[in-house]
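Before any comments, here is the structure.
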């Protein structure tokens, strides 16, 4: 492989004291073989309680190129990734899980894909070594993400990913949003790629994700929609929800009002408005729809008054004197 840009390998860890020594040794061996001017491994401890903190601290003190970032408590994978991104210096940033299911030997494939023009590359665990129920849940989740985002990636869940440096600037991940980073970056104009990777069986410890993770997916998908399609026009999103409720409330109210007028003119043709439970439903729908719409309006006003960026990302600036200049480092939010 030709000389490549500097690399940062970000590895979030939570209770992986048995896996970490093997992973670090294998990753260092791969990086030393690359024609890379500089590299670093950033180990992020996400509030471990099994000795991982002490172990990665020792690695950082004894091994060249290894840095340990110790979080105060367990904030979750998104926070751990952001902490690693903030401490990274590489032109290319690669993330890996710490459970030895990702193979460091795959790192050159990600770099090659980036060098071919991709801004972001996601791994695809084509053959998963996970329990059946986890594989089925992952297939369903990835299908939903593809339909919502329009991005044809096979595996949004894979933690093995590579980023050009500009992709992580201004990126803000919370909760389980790390699973949607490809969709977020695609919306920002990044060129998205995918590579098939080997997926090893877990050798040590147990999975950190339970059934609750899948129930959180619905709210995360709503967040994804807000972060991408409606981030610059939140009123549209709230309007899509609030206006139909208001319309339904108006229709029900109109139906009740017409019947009340008919009752006042000809008692046999209608019914009194005051003793119909449907009136409460109509009023509730109307007020709820109005409230949601007003929340969207407030969100729109906050967005405009706060002047949160210019709403675009510049790929390149061409100057007659200087020629083309890449602005990957100057991504505007």
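Evaluation of residue 28 against the conditions (1) surrounded by fewer than 18 Cβ atoms within 10 Å (Cβ to Cβ); (2) at pLDDT 90 or above shows that the sole unmet condition is (1). Just one of the listed residues (143, 124, 166) is out of contact with any strand residue (DSSP E or B) (no Cβ under 7 Å at 6 or more places or on another chain), surrounded by 15 or more Cβ atoms within 10 Å (Cβ to Cβ) and farther than 19 Å from residue 19 by Cβ, and it is 166. Of all residues in the stretch 162-186, those satisfying the criterion of being over 12 Å from the mean Cα position of the chain (by Cα) and on the phi < 0 side of the Ramachandran plot are 162, 163, 164, 165, 166, 167, 169.
Within the stretch 127-136, the residues that satisfy the criterion of being surrounded by 12 or more Cβ atoms within 10 Å (Cβ to Cβ) and either modelled with pLDDT of 75 or more or not in a helix (DSSP H, G or I) (or both) are 128, 129, 130.
Conditions (1) in contact with a helix residue (DSSP H, G or I) (Cβ under 7 Å, 6 or more places away or on another chain); (2) farther than 22 Å from residue 21 by Cα, marked per residue:
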site: 69; (1), (2): yes, no
site: 77; (1), (2): yes, no
site: 86; (1), (2): no, yes
site: 93; (1), (2): yes, no
site: 107; (1), (2): yes, no
site: 117; (1), (2): no, yes
site: 120; (1), (2): yes, yes
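Among the residues in the stretch 98-108, are any assigned to a loop (DSSP other than H, G, I, E, B), modelled with pLDDT of 90 or more, closer than 22 Å to residue 185 by Cα and over 17 Å from the mean Cα position of the chain (by Cα)? Within the stretch 98-108 (the criterion being assigned to a loop (DSSP other than H, G, I, E, B), modelled with pLDDT of 90 or more, closer than 22 Å to residue 185 by Cα and over 17 Å from the mean Cα position of the chain (by Cα)), the answer is no, since none of the residues qualifies. Here is the figure for the stretch 31-58: residues that are within 23 Å of the chain's Cα centre (by Cα) and either at pLDDT 95 or above or within 13 Å of residue 96 (Cβ to Cβ) (or both) total 4.
The values are calculated or read from the model by the stated rules, or taken from the named source; none is laboratory data. Please read all numbers here as calculations on a predicted model, not as lab measurements. Here Cβ is always computed from backbone atoms with ideal geometry, including for glycine, and neighbour counts include all displayed protein chains.
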